[in-house]
Amino acid sequence: MSDEQVTDLLERAVAEVPPALLQAPHAGIRRRIRRRRIARSGAVVAAALAVLAGFAAVPTGGAPDVPTGGPAAPTGRAWVPQVPWDVARIDRSGTRITVYAAPLPGKCVERDPADDRVEWADNRVTLHLAGSYAGCGDDSQPASRTFELPQAVGGRGIVDGREPLEPRVLVRAADLPDLAAGGWTELPAVRLHSVLVWRFTRPGGPDLALRAYRLSPGVTLSEPDHTLRLGSRTAAVYDRPGDRSAGWWSDDHQVWYTITVVDPAIGKSGFDAVLRGMTWA
């Protein structure tokens, strides 16, 4: 394509753009350049002061002992490797929190529980999960840690020490039915397609699978076949033969829960009866 053809295409592409927007904002550009020069000058001065402060802090005859391989550790602690956790489950008392290490395909977590720790603040609790990833043959078994807290977490936020700015799935017992009261026993959790699944069984059945999702704001859920009022919440029920499930929002509308009956013989009315028979808050 010739230069003339390119020019013609560009002129046609901007034909509908108001002329004022096609003019280069020279004054604004100059202001931004001045601000950037000032910022760069400030950064150079700050860096120079930091270097001078570093030299002043280093004792004669040696360099400071700086840990490598990760972020700085709290004063007095050696750095230890950590893995992020993606789900935290809080019991009804608010004093027991189980966190589950975030998965990596084909990887398992080698835990170092002695270096797990909890940090308290007025508005949040930070949970650090020590460990590292290693190759393994079965990545469906999640690594976890249950922290026993000296007091209830209350309204404090719960934060991952490895990635404190990333939102996590917070599963609160107050949002769930009391399955133990209905005779269900909890089995070890598993991960299926990177989603954590809690499993429950009881004599005579049916077995249940519970999942929790942190959904993006404005997400549209599929239309349920019908709804049920269960305790203080309304559940959306999906009547798919062999895969009957119900879903509901957490009290803070941050987490969407689903519970699935693991029994193809359970029909629509039977599943509704199971849901109504649970102990709901």
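The values are calculated or read from the model by the stated rules, or taken from the named source; none is laboratory data. Quick caveat, the model's predicted, so the values are computed rather than measured. Here the Cβ positions follow ideal geometry from the backbone for every residue, glycine too, while neighbour counts run over all protein chains shown. All accessible areas refer to the heavy atoms of the entire protein, side chains included, with ligands and DNA or RNA removed. Shrake-Rupley method; radii C 1.70, N 1.55, O 1.52, S 1.80 Å.
Converting phi to 3J(HN,Hα) with the Karplus coefficients 6.51, -1.76 and 1.60 and the offset θ = phi - 60°, region 177-189 yields x, 7, 5, 4, 5, x, x, 7, 10, 7, 9, x, 6 Hz in sequence order, with x at every glycine or proline. Computed about its Cα centre, the charge dipole of region 159-271 is approximately 120 debye, with only Lys, Arg, Asp and Glu carrying charge at their Cβ. The string of couplings for region 250-260 from the Karplus curve (6.51, -1.76, 1.60, θ = phi - 60°) is 5, 4, 8, 6, 9, 10, 9, 9, 10, 10, 10 Hz, one whole number per residue in order, with x for Gly and Pro.
So how much slack lies between K107 and R202, counting 0.36 nm per residue of separation and subtracting their Cα-Cα distance, in nm?
Working: separation 95, 0.36 × 95 = 34.20 nm, distance 3.20 nm.
Value of the extension gain: 31.0 nm.
Amide H to amide H distances under 5 Å link L129 with V83, G161, R162, where only residues 5 or more positions off or on other chains count and H is placed in the peptide plane.
Amide H to amide H, with H built 1.01 Å from N, R202 comes under 5 Å of T185, counting only residues 5 or more places away or on other chains.
Here region 189-233 has 50 percent of its accessible surface on carbon and sulfur atoms, given a 1.4 Å probe and all protein chains in place. Between V118 and T185, the modelled labels are 2.9 nm apart [label points 7 Å from Cα along Cα→Cβ].
For region 134-281, just say rounded, prolate or oblate: build the C-alpha gyration tensor, square-root its eigenvalues into a ≥ b ≥ c, call rounded for a/c under 1.5, and beyond that prolate if a/b exceeds b/c, oblate if not.
Cα axes put region 134-281 in the prolate bin.
Here the Karplus relation 6.51 cos²θ - 1.76 cosθ + 1.60, evaluated at θ = phi - 60°, turns the backbone of region 217-223 into coupling constants of x, x, 5, 9, 8, 5, 5 Hz, with x for every Gly and Pro. What net charge is computed for the residues neighbouring V262, neighbours being all others with C-beta under 12 Å from the C-beta of V262, Lys and Arg scored +1, Asp and Glu -1? The answer is 0.
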